[in-house]
Amino acid sequence: MENDQLSYHGHFVPYTRDELVAKLRAALTDHRYQHCLRVEQTAMDLAEQNGVDIEKAAIGGLVHDYAKQRPDADFIQAIKDYQLDPELLNYGNAIWHGVVGWLFVKNELQINDIDILNAVRYHTVGHQYMTPLEQIVYMADYIEPGRAFPGVDEARKITRNNLQDGVAYQTKQTLSYLVTHNKPVFPQTIVTYNSWVPSSGID
Ligand SMILES: [Fe+2]
Ligand SMILES: [Fe+2]
């Protein structure tokens, strides 16, 4: 199914797809907006393959980066207002746009479905428990057709074959990248790794 054939007004969001798309377009650069459309479509495809609700996957994919271009001050304010873990203040947009950004999705896009919100929340650092929907948004973000990093074809192949193996693959690659480049590792990323990688069937 193609993303522009969807009409989900009233199911999980009080907007038509066109209205929601317009909000994404207004919040993001064209480059990132196009990425969100590709994640939407990829999430739909993965949902179809894995027997997951296609509308929820589409919405999660479309809005996952909604908060990506917010100023840092908005996130810092939200961390304080919602009394989130102060440790978050030691990180930046790369972590915040998912872990904190879901609050903007809830408040500004009026999406209250907890599955969709958690899919946004966990899309960058993952979680020890991820539902198939959460796994799908996590993977769609990683393998959408615009991605072109070493290993992406392997990631696509693994994910099409087995969604959970895809989650393990991405989680391992991400942690490996961070360590190799002396980047800080958000603690949840290690929790996700411990939950998904050692028990997986990937190499
Ligand atoms: Fe993101
Ligand atoms: Fe993304």
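Working ranking of peptides 143-156, 161-174 by packing, defined as the average number of other Cβ atoms within 10 Å per residue, highest first, is 161-174, 143-156.
Of the chymotrypsin sites (Phe, Trp or Tyr not before Pro) in the stretch 35-114, the ones in a loop by DSSP (not H, G, I, E or B) with at most 13 other beta carbons within 10 Å are 82.
With contacts taken as Cα pairs under 8 Å at a separation of at least 6 residues, the stretch 83-203 carries a relative contact order of 23 percent. Just to verify a number: FRET efficiency for residue 1 and residue 199, C-beta to C-beta distance, R0 = 45 Å, to 0.05? For residue 1 and residue 199, the calculated efficiency is 0.85. The chain has equivalent-ellipsoid semi-axes of 24, 22, 15 Å, by the square roots of 5 times the alpha carbon gyration tensor eigenvalues, sorted largest first. In this label model, residue 26 and residue 73 are separated by 2.1 nm, measuring between points 7 Å along each Cα→Cβ vector. Taking a quarter of the surface of the Cα convex hull of the stretch 26-130 gives a mean projected area of 6.8 nm².
Averaging Cα coordinates gives a centre for the stretch 175-201 and one for the stretch 75-107; these two points are 21 Å apart. Could you pull out every one of the lysines with an alpha carbon less than 27 Å from that of residue 68, ignoring same-chain neighbours closer than 8 positions? List returned: 23, 56, 80, 106, 172, 183.
Using a cutoff of 8 angstrom between alpha carbon atoms and counting only pairs six or more residues apart, the relative contact order for the chain works out to 19 percent.
For the stretch 129-185, the Cα-based Rg and Dmax, in that order, read 11.4, 32 Å.
Bear in mind these aren't lab numbers, they're just calculated from the coordinates by the rules spelled out. Predicted model, so just to flag it, every value in this text is computed and none were measured. Every residue, glycine among them, receives a Cβ derived from its backbone with ideal geometry; neighbour counts consider all protein chains shown.
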